[in-house]
Every structure is written in C-alpha cells, then in structure tokens.
Amino acid sequence: MREVLELLAAPVAASLVLTGILTYFGLHVVERGVIFVDLAIAQVAALGATFAVFFGLSLHGGAAYACSLGLSFGAAILFSSVRGEKFRIPQEAIIGITYAVCAAASIVVMSQSPEGGEHLKDMLVGNILTVGWGTVGKTAALYLAIGILHWAFRRPLLEISQDSAAAARAGRRIWAWDLFFYGTFGLVVTSGVAIAGVLLVFSYLIVPSVTAMLFTRRLGPRLAIGWAMGTLVSALGMASSYRLDLPTGATIVVTFGVVLTLTALAYWVWNKLVGREAVA
C-alpha cells in the first residue's frame, strides 16, 4: 500500500493543481460560449510539440514547450482579434477551423516519424501517472501566479465574460482584456497538455463547470462544486486505472463522462420528484 501511495502521490497532486485552475477558466469559457477554445489552443500547443519531435527534440523538453507556448500565444492573439460585431465571421467558427487544421497538421507531421502514433497518443491522453514532483511544483507556482493575476483583475474579466456588449459600453477595452485572458489561458493549457494531454485538459476545463451549472447559477458555488467534482473524479479515475491496469488519462476522461451522466440523471429524477428546478 505504501508503494502505491508513493506512486500516485505526485499524479494526484498534479490532478488537484489542474482542477484548481482549469475549473476556474472553465467558468469563463462557458460564460463566453466558446466551449471548444480549450481544444483549439490545446491542439495548437500539441502541434508545437509535434514539430519539436519531428526535428528530433524531446517531447517533454524545453524546446518542445517553447514551440508549444509560441504557437499558443499566436492563437491567443488570433482569438482575441476575431470577436465583435465588426468581424463578420463568428469567433466559434475560427476556433473550430483552428482546431481542425492543427489536428490534421499534427497527423501529417507525425506520419513522417517512425514513432508518430505513440507521440500522437501521448499528446492526446497524456501520461499523468509519470509526472514528478519537480514538474508539479513548477506548474503549481505558475498557476498560482496566474490565479493571483486573475483575482486582481476579476471584475473586468467577469464583466466581459458575462456580457461583453455591456462591458464595451462601460468603457472596457475588450480586445486588450481578451488578449490577457487568452494569453494566460494559453499558458495554462500549454503547461496542462504537457502533463495530461489534450482530452484530459479539456475534461478538467469543461465537465466540472457544466456539472455545477445544473445546481446553481452563481459563480462562487459553481466554482466550489467544480473543484469538488474534479477532485473526486481524479481520485476515482486514478484508483480505477491502477486497479484495472488501464491508461490513466483516458480512464479519468471516461470517469468524468460517467459521473456527469449519473449526476444529470439524478438531477432529472430529482426534478421529476420535486416538480421544480433545483437551480439557485
């Protein structure tokens, strides 16, 4: 048992770090209605790592991270520039196109590598079970700094996420704040993908926030519910992965889906029994 605890200690800590920051960003993403922006930025980051691997660099090295981060910042500039009534193409369309093109480009590049399939799998579902305490510490410090910045500027960020038109009328510089939001978001996602892969980062971002929306409209309680769900699912997913000898990242993603489905069914049954919505 002691060996198991030592093996899972760092991965569990990493999952808690991811839960903390991604659940918060998930609230903004859901409020903004750009649900797939995480997948797009994560896929952009994965493309950067793919290029690094293609040129013989380590997937988890500093050069790969720099490539991923550079492309993620480019995506942040793009997404912050294509919002508003003056831009005729919907922002969600640009996000979807970005994801599709970057995903296809990753497949094309990796098809030229003898270990391309394994690299693509690693970037898709990650390998959080192998994360070390050094990576956990650096990632936690980075996320804490970003969290402090977002707390300091929480008012304009929330105003823009909830009603960008009203924020613009109030004098908020939407483009500048969007650039700040997507830039820090890209930094979070790039670091998260390096640990957990594209699909797990997306699950941490969206599923806890969507689940919390079943029970409350207020952001504070939604954040608390999201954190609780992310922690529970991480523990259940890792335990199931270890006991059943399954891929850890993919198992946690599936666990997110199962818990969300059961929660939605319980909510539906509760509404049928009580006869009213349980949202406050």
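FYI, it's all coordinate maths here, none of it is from the lab. Quick caveat: nothing in here was measured; it's all calculated off a predicted structure. FYI the Cβ positions are ideal-geometry reconstructions off the backbone, even for glycines, and counts take in every protein chain you see.
Across the chain, the mean sequence separation of Cα contacts (distance under 8 Å, 6 or more residues apart), normalised by length, yields a relative contact order of 28 percent. Dipole size of the chain about its Cα centre, with +1 on Lys/Arg Cβ and -1 on Asp/Glu Cβ: approximately 940 debye, rounded to the nearest 20. Give me the base-10 log of I(q)/I(0) for the chain at each q in 0.16 Å⁻¹, Debye formula, one uniform scatterer per Cα, rounded to two decimals. The calculated log intensity ratios at q = 0.16 Å⁻¹ are -1.30.
Based on Cα contacts under 8 Å between residues 6+ apart, the stretch 152-254 shows a relative contact order of 18 percent.
Using a Gaussian network model of the chain in which every pair of alpha carbons under 10 angstrom is joined by a spring, one finds that among 140, 264, 76 the greatest mean-square fluctuation is at 264.
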